[in-house]
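Quick notes on the structure that follows.
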Amino acid sequence: MSEPLAGDPQHVAIIMDGNGRWAKSRGLRRTRGHAEGVESVRTITRAGARRKLGQLTLYAFSEENWKRPRHEVGLLMRLLRRFLIGERAEIMDNNIRLTAVGRLHRLPADVRRELDKTRELSADNTGMVLNLALSYGGRQEIVDALRAIARRVVAGELTPDDITEGAVTAHLYQPDMPPPDLLIRTAGEMRVSNFLLWQISYTELHVAPECWPEFREEHLDRAFAAYRQRVRKFGGLAGKTTG
Ligand code: FPP
């Protein structure tokens with residue numbers, strides 16, 4: 001008997017890599033690569049919504065990205081702010097719910113304001129969740145969760161034995177977020193780069209050779225097709241959940 005295949009992914013997470021390389025290979029500035037990358041964000045968001053994807057999580061700015069030159073960080077923040085304002089109508093028209101994970105308090109106030117506005121406006125939408133990872137690090141998320149748990153232990157609300165996998169999950173930035181089924185990384189790199197470390201323990205990986213600014217629907221299709229051929233066992237035996 002053949003083993004059951006994975007079907008379509010419900011939650012897709014993407015490490016959008018290669019903006020700089022895409023620009024450099026064309027003799028352009030790195031910042032131009034980021035601007036073109038926003039086009040890919042638009043295209044892939046629309047494609048995901050059309051495919052009735054449950055959730056799309058995009059690694060838009062990592063905690064480590066703060067170390068980049070000031071002008072590059074400034075440009076990324078401006079692009080993000082422009083995206084949050086410019087795509088608001090499109091997000092609403094497509095019934096998309098915008099959410100975010102990360103140390104959001106580190107974002108500039110004007111970006112934070114637009115983020116909050118779009119999140120609030122779209123909060124009751126019932127279609128795809130577009131989740132932006134901003135000032136995000138997987139290790140930092142686990143540290144933040146552990147701090148929150150430690151405070152509750154000190155307050156007498158939890159005992160050490162209450163610290164289960166479920167309790168850690170409950171203290172992550174978005175406790176209700178389902179783990180990604182598929183993690184796509186562009187630009188050919190075989191790394192997870194501190195992305196969703198807790199959540200990707202059994203996520204299927206797909207590395208695309210294309211740089212993010214050239215990543216289009218056909219490349220997403222390719223990733224989905226590869227995913228559909230996977231047999232997911234979660235450490236058990238295919239097709240069996242018990243005994
Ligand atoms: C990696 O390319 C990409 C980033 C660090 C930022 C991703 C941001 C965007 C696509 C634009 C803003 C996002 C939204 C949601 C509006 P890189 O610069 O590391 O590329 P390289 O490795 O080739 O230098």
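The values are calculated or read from the model by the stated rules, or taken from the named source; none is laboratory data. Note that the coordinates shown come from a computational prediction; the quantities given were computed from them, not determined experimentally. Every residue, glycine as well, gets a Cβ built from its backbone with ideal geometry; the counts of neighbours run over all protein chains shown. Remember, those area values only see protein heavy atoms, side chains included, never the ligands or the DNA or RNA. Shrake-Rupley method; radii C 1.70, N 1.55, O 1.52, S 1.80 Å.
Among the residues of region 118-128, is there at least one that is within 12 Å of the ligand (Cβ to nearest atom) and among the β-branched types (Val, Ile, Thr)?
Step one: list which residues in region 118-128 are within 12 Å of the ligand (Cβ to nearest atom), which gives 118.
Still in the running and among the β-branched types (Val, Ile, Thr): 118.
Yes, there is a match, as at least one residue in region 118-128 is within 12 Å of the ligand (Cβ to nearest atom) and among the β-branched types (Val, Ile, Thr).
Does ASP17 fit the bill of being touching a Cys at 6+ places or on another chain (Cβ under 9 Å) and over 15 Å from LEU80 (Cα atoms)? If you could, list the steps in order and put the result at the bottom.
Numbers: touching a Cys at 6+ places or on another chain (Cβ under 9 Å): yes; over 15 Å from LEU80 (Cα atoms): yes.
Here the answer is yes, as ASP17 does meet what is asked.
Restricting to region 119-173, count the residues that are open to solvent by 30 Å² or more (accessible area, probe 1.4 Å) and hydroxyl-bearing (Ser, Thr, Tyr).
5
Counting only residues that are over 14 Å from ILE91 (Cα atoms) and within 8 Å of the ligand (Cβ to nearest atom), how many does region 36-57 have?
3
Can you run down the residue pairs with Cβ atoms below 6 Å, 6 or more apart or on separate chains, where the first is in region 89-118 and over 21 Å from SER62 (Cβ atoms) and open to solvent by less than 20 Å² (accessible area, probe 1.4 Å) and the partner is at pLDDT 95 or above and among the small types (Gly, Ala, Ser)?
Filtered contacts from region 89-118: ILE91/SER122; ILE96/ALA49; ILE96/GLY127.
Give the residues of region 11-40 that are touching a Leu at 6+ places or on another chain (Cβ under 7 Å) and either open to solvent by 20 Å² or more (accessible area, probe 1.4 Å) or farther than 21 Å from PRO209 by Cβ (or both), sorted by residue number.
MET16, THR31, ALA35, VAL38
Would you tally the residues in region 207-220 being open to solvent by less than 30 Å² (accessible area, probe 1.4 Å) and more than 16 Å from the ligand (Cβ to nearest atom)?
So the answer is 0.
Go through (1) open to solvent by less than 80 Å² (accessible area, probe 1.4 Å); (2) more than 12 Å from the ligand (Cβ to nearest atom); (3) among the charged types (D, E, K, R) and name the single condition GLU64 misses.
(2)
Looking at ARG46, ARG78, which is the one that is out of contact with any Asp or Glu (no Cβ under 7 Å at 6 or more places or on another chain) and farther than 17 Å from ASN19 by Cβ? Outline the logic, then answer.
Numbers: ARG78 fails: farther than 17 Å from ASN19 by Cβ.
Step by step, each of ARG46, ARG78 is checked, and only ARG46 is out of contact with any Asp or Glu (no Cβ under 7 Å at 6 or more places or on another chain) and farther than 17 Å from ASN19 by Cβ.
Kindly indicate whether GLN55 is touching an Asp or Glu at 6+ places or on another chain (Cβ under 8 Å) and closer than 20 Å to ARG222 by Cα. Step through it out loud before you land on a result.
On the way: touching an Asp or Glu at 6+ places or on another chain (Cβ under 8 Å): no; closer than 20 Å to ARG222 by Cα: yes.
Here the answer is no, as GLN55 does not meet what is asked.
Hey, can you tell me all the residues within region 193-236 that are in contact with a strand residue (DSSP E or B) (Cβ under 8 Å, 6 or more places away or on another chain) and small (Gly, Ala, Ser)?
SER193, ALA208, ALA223, ALA226, listed by residue number.
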